[in-house]
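Down below is the structure, laid out as structure tokens.
Derivation of every value follows stated rules applied to the coordinates shown; laboratory data play no part. The shown structure was predicted, so the numbers you read here are calculated from the model rather than taken from an experiment. FYI the Cβ positions are ideal-geometry reconstructions off the backbone, even for glycines, and counts take in every protein chain you see.
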Amino acid sequence: MKCFYCDFTAFSGQNAAADRYVAAVLAEADLYPKTAVDTLYVGGGTPTELSASQLTALLGGLASRFGPLSALREATVEASPESASEDRLDALADAGVGRLSLGLQTASDRLLKTVGRSHTFSDFKRVFRSARRRGFSLNVDLMQGLPGQSLKDVGADLDAVLGLDPDHLSIYTLQVEDRTLFAKREVELDPDFARDAMDETLGRLAAAGFRHYEVSNWAKPGREAVHNVGYWIDRPGLGLGCGASGYLDGVRYENEDRLKNYLEAVERGRRPVFSAERLEGKARLGETLMLRLRLVEGLSLTPQMQLAFRPELDALTARGLLELVGGGCSECLPTLRLTREGLFLANEVFREFVPPFDEHDRRQTRETK
Ligand SMILES: C[S@@+](CC[C@H](N)C(=O)[O-])C[C@H]1O[C@@H](n2cnc3c(N)ncnc32)[C@H](O)[C@@H]1O
């Protein structure tokens, strides 16, 4: 069953297609020139829905193409507490995966039911400890702003998770996405609650020795997600699989997100790309700004960026969402970063750097949606 907030690509009742899917992902890799890979991320969903032998086939196939996973700078697999069984954890460890990202969302059994999760917090703890015994570096995903969640619940979630001693935490404010059960139920978000929850989180995690390094991510020193940071600093990446996205030779592409179309394309020897775009000029600069601003340390603001986005930068700075620091000497560039308020309203900031840039075009895009 899909979680009530989730709009990620997912299929039910297609277990029979899983072997075919694994073979297709590996065949898709062969449709690209050999690339040197130094990080691997299997996720954006729940890969541990595959069986242990399918995971072994997938990861073994990737290793034979890109080199042993244990030799990569980082190899992460996402997992849900329901599916991360002992045999699957063994398969991941044997394949050389060093990092697991576990979706918990909340430690409250009442709220887990509210969001459509079928595991309890004790199920999660069992999986977490089992993964820990195998030596994985561990991330835990939490969500805030869930229907019926109080600030006390947020504090209790943080206490419960910190008690397990994870290496990394990803904490997301609920977004009500179209085509989800929450959208159908017209779940409403409370920005004041999100702000209070984030305040509580920033304080608690700093006190527990976690560094806030990206809008939604905290890490113990040296445990930052190398692969994800690569995405935020615009490093190229090969994206494989149904609904995957990638960035190669200056082109961002997205794959088919319909399983049938994806499988058919790959099996005919065609790259299953649905859309591809080479970003240039202002769009390119805007994307770099938007991605790098996700990092709490911000970015060095180049004169080209300043020139291209002067009105947006002035307006966001005047609203107290962005700040410019340093840049006092003739050779050094100022650092642009989100303020604390900007961290709460990050999506409002990022929107300004994504086309269409003209207010008239923006209004038209909104109206045709
Ligand atoms: C692709 S999901 C992976 C889920 C994980 N494999 C599991 O099932 O436990 C990645 C994370 O994004 C977050 N997420 C997903 N949908 C969200 C939404 N609508 N609003 C906020 N966060 C969301 C959740 O914390 C989730 O664990």
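Structure data summary
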| item | result |
| --- | --- |
| Dipole-positive endmost among Q14, A318, G243 within the chain (Cβ charges, Cα centre) | Q14 |
| Antiparallel %, DSSP beta bridges [both residues in the chain], to 5 | 55 percent |
| Amide H contacts under 5 Å for T173, placed H, 5+ residues apart | Q144 |
| Positive minus negative residues near F136 (Lys, Arg vs Asp, Glu; Cβ under 10 Å) | +3 |
| Largest-first ellipsoid semi-axes for the chain, taking √(5λ) over the Cα gyration tensor eigenvalues, angstrom | 32, 27, 21 |
| Label point distance in nm, S64-R319, each placed 7 Å from Cα along Cα→Cβ | 5.3 nm |
| Entries in K260/K282; K125/K152; K2/K152; K2/K125; K184/K220; K184/K282 that, when Cα-Cα distance is taken, lie over 30 Å | K260/K282; K184/K220; K184/K282 |
| D178/M1 FRET efficiency (R0 25 Å; Cβ-Cβ; nearest 0.05) | 0.85 |
| Net length gained if the chain between R134 and F11 were fully extended (0.36 nm per residue, minus Cα distance) | 41.3 nm |
| Rough spin-label spacing in nm, given labels placed 7 Å along Cα→Cβ, for A194 and S330 | 4.5 nm |
| Cα-based shape type of the range 255-340, given that a ≥ b ≥ c are square roots of the gyration tensor eigenvalues and the cut on a/c is 1.5 | prolate |
| Extension reserve of the L238-F357 stretch, reckoned as 0.36 nm per residue once the Cα distance is removed | 40.0 nm |
| Cβ-Cβ FRET estimate between E348 and R278, R0 fixed at 25 Å, reported to 0.05 | 0.40 |
| Pairwise label distance in nanometres, E186 with K152, each label 7 Å out on the Cα-Cβ vector | 2.9 nm |
| Proxy reagent accessibility, fewest Cβ within 10 Å first, across I171, I233 | I233, I171 |
| Relative contact order [Cα under 8 Å, 6+ residues apart], the chain, whole percent | 13 percent |
| Value of relative contact order over the range 98-234, rounded to a whole percent, pairs C-alpha under 8 Å and six or more apart | 22 percent |
| Proxy reagent accessibility, fewest Cβ within 10 Å first, across R223, R340, R129 | R129, R340, R223 |
| Chain lengthening between V296 and E341 when straightened (0.36 nm per residue, less Cα-Cα) | 15.0 nm |
| Sum of -39500 (n - 2.57) over DSSP H runs of 4+, divided by residues of the chain (222 nm, nearest 500) | -12000 deg cm²/dmol |
